[in-house]
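Asks: Please see the structure below; I have some questions.
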Amino acid sequence: MQVVSLTGAVSIAAGDNHSLALKSDASLWGWGYNFPGPLGDGTIIDRHAPVQTINLCQVAIPTVVESIIDESNIFTVFPNPTSGLLNIKVKGLSNEKCKITLTSILGQILIEEEFMARNHSIETQFDMKDLSNGIYFLSVTSNKIKQTFKVQKQ
């Protein structure tokens, strides 16, 4: 389907219920089903034409796998946006292998690393300094949970 009102798109992510487009000016636009607000426009109104994202942290990328269990604070990623080093804090896991996967907005795997979560709390760093500025997706996976974060490299 052609999106007539959208020009300058450099990449598109399409899912079952909504789609997103990254424009050449680095703005993010979305359309489709918008409950509970995955388009990031501050509403829950379904959009049949692209609207600009105003809250990138709220955007739900169509290719993202949601958490397997309802534990939203097992993994914490900061600072976001980042200029290079990301801190990844893990709480509540002990003696579990964790995997970090960084993908582009097109879903290309750029970096994968593994680490062990020990003693119910650990902090590790993930280096993005050699990557171009833009939007990336960082997935942190353990045996119990997978969380995906939108990360902006500046």
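The values are calculated or read from the model by the stated rules, or taken from the named source; none is laboratory data. Everything numeric in this text was worked out from a predicted model, so none of it was measured. Quick reminder, even Gly has a Cβ in these numbers, built from the backbone with ideal geometry, and neighbours come from all protein chains shown. Areas reflect the complete protein model, heavy atoms only, side chains present, ligands, DNA and RNA absent. Shrake-Rupley method; radii C 1.70, N 1.55, O 1.52, S 1.80 Å.
Asks: Of all residues in region 24-49 being open to solvent by 30 Å² or more (accessible area, probe 1.4 Å) and touching a Ser or Thr at 6+ places or on another chain (Cβ under 8 Å), which is farthest from Ser104 (Cα to Cα)?
Replies: Ala49
Asks: When the residues of region 86-125 are filtered to those that are in a loop (DSSP other than H, G, I, E, B) and free of Cβ contacts under 8 Å to residues at least 40 places away in the same chain, which remaining residue is surrounded by the most Cβ atoms within 10 Å (Cβ to Cβ)? Give the derivation first.
Replies: Of region 86-125, the ones in a loop (DSSP other than H, G, I, E, B) are 92-95, 105-108, 118-120.
When the remaining residues are screened for being free of Cβ contacts under 8 Å to residues at least 40 places away in the same chain, the result is 92, 94-95, 108, 118-120.
Details: Gly92: 15, Ser94: 12, Asn95: 9, Gln108: 8, Arg118: 12, Asn119: 8, His120: 11.
Across region 86-125, the extreme among qualifying residues is Gly92.
Asks: For a quick check of your reading of the model, give me the residue pairs whose first member lies in region 132-145 and is over 14 Å from Ile12 (Cα atoms), whose second is open to solvent by 20 Å² or more (accessible area, probe 1.4 Å) and of a type in the set (D, E, K, R), with beta-carbon atoms closer than 7 Å and at least 6 apart or on different chains.
Replies: Taking only residues 6 or more apart or on different chains, the pairs are Phe137/Lys150; Ser139/Lys146; Thr141/Lys99; Ile145/Glu71.
Conditions (1) among the charged types (D, E, K, R); (2) over 28 Å from Ser24 (Cβ atoms), marked per residue:
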| site | (1), (2) |
| --- | --- |
| Gln108 | no, no |
| Glu123 | yes, yes |
| Asn133 | no, no |
| Asn143 | no, yes |
| Phe149 | no, no |
| Gln154 | no, no |
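For every residue, the table says whether it meets (1) among the polar types (S, T, N, Q); (2) at pLDDT below 75; (3) at positive phi.
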site	(1), (2), (3)
Ser5	yes, no, no
Ala21	no, no, no
Trp29	no, no, no
Asp41	no, no, no
Gln58	yes, yes, no
Val77	no, no, no
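Asks: Yes or no: region 120-131 includes at least one residue that is out of contact with any His (no Cβ under 7 Å at 6 or more places or on another chain) and closer than 23 Å to Gly15 by Cβ.
Replies: Taking every residue of region 120-131 in turn, none turns out to be out of contact with any His (no Cβ under 7 Å at 6 or more places or on another chain) and closer than 23 Å to Gly15 by Cβ.
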